[in-house]
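Here's the structure we're looking at; comments come further down.
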Amino acid sequence: MSYKVAVIPGDGIGSEVTQEAVRALQQLSSRPGLSIDFEEYPYSCGYYLEHGVMMPDGALEALDESDAILLGAVGYPGVPDHVSLWGLLIPIRRTFRQYVNLRPVRLLRGLSSPLRDRGPEDIDFLIVRENNEGEYSEIGGRLYDGTDEAIAMQSTVFTQKGVERVLQFAFDQARRRPKQHVTSATKSNGIKHTMPFWDEAVAKFAEHYPDVTTDQYHIDILAAHFVAHPDWFDVVVGSNLFGDILSDLGPAVAGGIGVAPSANLNPTREKPSMFEPVHGSAPDIAGKGIANPIAALWSASMLLDHLGETTPAADLLNAIEAVSGEGKVVTPDLGGTATTRSLTNRVLAELKS
Ligand code: ATP
Ligand code: MG
């Protein structure tokens, strides 16, 4: 099949690692039966500093022409995070109904977890985060600012449709995995309206998926279990805020942020999905050529998988894991001296053989 992939390299190491992910996709694109065209877009905080907006008018329409979007990272010292979030990430996620944020938490062979004595057999689960609604709403406001009666209010929006579609995705994923288990993140003891609404929907799905076992934990103890019992988990589903928190904790137990991939999915495939490493633009190491490209390469593998190109997707991930397992070409974040380029070269050589 042939595809069009929109590439948004972004800022800092975002562009450094995206370049490598594109090289991997280009190499796979030379296989018979697979052809990928790339269209690059400069949307970033760098673009914002020049033009006053993260993306120009018409940007979303242009991205809509693609089959998938590959994003590096956006962020620049001095540009507040809410600019890149509300100026680029959230509009893309919402416009294209990327209502699932999927983050595999899996310890690759050869990598070590900060959890002592935990190996790849203990750390292998998926985090499914609701990505379009929930706690991250624009509804709210402030009153009497600057006085001692100041008030801030913020509304959470849970819709039946929004909750059900992300749960549907989580249960469908669980069904395809050996453990067939879903864990729901909740906090219905403290959050009196939206969380019981969420729990009721989970209970309904549990009934409709008798082959999938289900449990739920309050978000606070669930975070503790991620560290104490990572082996308990298979598919973990949570609201936008809870999923956000867990999906930074997950990569931390699975070998670090430099190797953590993510996908913003429109599971219907009616609109493009977006694939990006979990990490940001890392201004502290930008320009040095030493960023770990594994998160971006793995994200590219997820992109192929989502498009239905399961064989090249698996081949790319296997090549990454062959190189991590070998433990010879390692970037400085994981204690080695390899460069972004040399690690990718090793993966590409593996991918050929
Ligand atoms: P942003 O504002 O864009 O989110 P940040 O500095 O807040 O950037 P990250 O970019 O995620 O957050 O970086 C956090 C830390 O992890 C930094 O010290 C960074 O150097 C390191 N880091 C992140 N990604 C990588 C990577 N791919 N390879 C090596 N180190 C990384
Ligand atoms: Mg950051």
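Can you give me the Cα centroid spacing of the range 40-54 and the range 136-168 in angstrom?
Cα centroid to Cα centroid, the span is 28 Å.
What is the Å³ per residue value for the convex hull set by the Cα atoms of the range 314-353?
58
Where both residues lie in the chain, what percent of DSSP beta bridges are antiparallel, nearest 5?
45
Between Rg and the Kirkwood Rh of the range 1-140, both from Cα atoms, what is the Rg to Rh ratio? If you can, show how the numbers build up before the last one.
Working: Rg = 17.6 Å, Rh = 17.3 Å.
Across the range 1-140, the Cα-based Rg/Rh ratio is 1.02.
With +1 assigned to the C-beta of every Lys and Arg and -1 to the C-beta of every Asp and Glu, and no other charges, what is the dipole magnitude of the range 179-298 about the Cα centre in debye, to the nearest 20?
260
Given +1 on the Cβ of Lys and Arg, -1 on the Cβ of Asp and Glu, and no further charges, what dipole in debye does the range 111-202 carry about its Cα centre, rounded to the nearest 20?
480
³J(HN,Hα) across the range 163-179 via Karplus (A = 6.51, B = -1.76, C = 1.60, θ = phi - 60°), whole Hz, x for Gly/Pro?
Taking θ as phi minus 60°, the curve returns 6, 5, 6, 6, 5, 4, 4, 5, 5, 5, 5, 4, 4, 8, 10, x, 7 Hz for the range 163-179.
Residue farthest toward the positive end of the dipole of the chain, with Cβ of Lys/Arg at +1 and Asp/Glu at -1: which of A295, L343, P196?
Farthest towards the positive end: L343.
Aspartates and glutamates near K271 by alpha-carbon distance under 14 Å, same-chain residues fewer than 8 away left out - which ones?
Partners within reach: E61, D64, E65, D67.
Within 10 Å of each residue's Cβ, count the other Cβ atoms and sort F275, F205, F197, F233 from fewest upward.
Going from sparsest to densest Cβ surroundings: F197, F205, F233, F275.
Order of R129, R23 from fewest to most other C-beta atoms within 10 Å?
R23, R129
Sequence-distant or interchain residues sharing an amide H contact under 5 Å with S35, placed H: which?
Amide H neighbours of S35, under 5 Å, 5+ apart: S2, Y3.
Can you give the charge dipole size of the chain about its Cα centre, rounded to the nearest 20 debye, using +1 on the beta carbon of Lys and Arg and -1 on the beta carbon of Asp and Glu? Walk me through the numbers before you get to the answer.
Details: 29 positive and 46 negative charges, 162 e Å.
Approximately 780 debye in magnitude.
Please rank V100, V74, fewest neighbouring Cβ atoms within 10 Å first, as an exposure proxy.
Going from sparsest to densest Cβ surroundings: V100, V74.
State the percent of C-alpha pairs, over all pairs in the range 179-266, separated by a distance greater than 14 angstrom.
Value for the range 179-266: 67 percent of Cα pairs lie more than 14 Å apart.
Rule-based calculations on the coordinates, nothing more; no lab input. This is a predicted model, so every value here is computed, not measured. Note that we place each Cβ from the backbone using ideal geometry, even for glycine, and neighbour counts take in every protein chain shown.
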